[in-house]
Each structure stands twice: as structure tokens, then as C-alpha cells.
Amino acid sequence: MTTTDTERISDFVLGAIRDMLNMPLPDTTSPDTPLGAGGLELESLSYVELSVHIEREFGIQFSDEAVDGFATATLGELVSDIRTRTAEADADTDTDTDTGTPRPSAESAEAAPAGVPSLFDVKRLLALSQIIPVADPESIADDEPVVLDSLTLVWFQYQLNEQHGIELDIDHAAVDELTSVTAIHAYLRDALTAPTEAVGR
């Protein structure tokens, strides 16, 4: 990749972090600035949110372990990692180059058809929405109970649109059935694979 590519990645990452923090970054921010303690002071949930933005922008995927590694990485190391993953994705003929959609990981390929959030994606959305208020979505059990009301439902739909570009009007009559992580995942899978239901941006 060229210097221009590196600058574009760096600008995107900085912009995403700035938007997440909703404040200007320190003037001293440099490639050597840690993402976590002693630097930009991001926390576990912020790493998850940042990874989602990066995955959507560059058509790559981070494993859970890679996202955990953000805690000890510098800004420059993250940019370098994105460069490497992007180059590998460009060279991989299995990537859908027409749509820019990254291939699902092996563990989620069967559970999540194309365009449908995986079970772990649902956990991340629930954590980001603070419906299940945990810092690490991986700690959420597949059968974790979920309580949705009119307010949390709106917030979940907002995060679904914001993080995955999916506009979905969840039927309020179905809310009583969405009582666990797996139930929500199954609902999304059915709704997003039905020909007349949700529409992704």
C-alpha cells in the first residue's frame, strides 16, 4: 500500500475515535500514542465499536483476540494492522469484491447468512445499546435473558442501522418473543432473509 493509503487509514481511524469520544483529540496524538491507558484512554466497549467502524469501512474482519489487542496497541500499530489485513483481503479471491462484503468467519458462517448479523454481532449490539450493560460482549451467554421495551427497542434498531447499515422496523408484537440473545438473532435471521422485510443501506 502507498503512503496515501496509510494516511487515509490513519485519518479514518482518528476521525472514528474523535466521533466516538465526541471531543477533539490531543494535539500530541501521534502514531506512537497508545489507544488505551496512557494515550487515548479507550475502554473495552470502545474497542468493539471502533472495530465495527473499521470493518465496515475497509471490508476486513477482526477476531475477538485482535480486538482485545487494541488495549495494548498504539495508533500506528493499528494502522499497520489495517494495512496488512486490507492487502490480504484484496489478494484473497474469496472476498466479494463486487460488494466489498467481508467473508464471515468460519465460526459464524453457518449461523449468519450474508447480510445477517452473527450471534456475536447481536451481543455487540446489545452491549453497545447498553441493553446488556457489559464491557466485553464475549462475556454474554448465547441464552442470556434480554428485556426489551419501547425505548430499548428503538435504541437497538438505531445501533443495528448505525453499525451494520440495516434499517429494520421490528414489529412491536414480536417484542414479547425476543427474550434472549438467540431469540433476537433468530428473529433477525428470519426477517433479513425474507424477500419483503428489512432493507440494508
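Structure data summary
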item	result
Cut-off under 5 Å, modelled amide H: who pairs with S180 long-range	V146
Rounded percent of accessible protein surface that carbon and sulfur make up, the range 130-201, 1.4 Å probe	51
Rounded, prolate or oblate (a/c below 1.5 giving rounded, otherwise prolate when a/b exceeds b/c) for the range 1-80 by Cα gyration tensor	rounded
Anisotropy class of the range 110-176 from Cα gyration tensor, a/c 1.5 cut	rounded
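The values are calculated or read from the model by the stated rules, or taken from the named source; none is laboratory data. The shown structure was predicted, so the numbers you read here are calculated from the model rather than taken from an experiment. Each accessible area value is taken on the protein alone, full model and side chains, heavy atoms only, with ligands, DNA and RNA left out. Shrake-Rupley method; radii C 1.70, N 1.55, O 1.52, S 1.80 Å.
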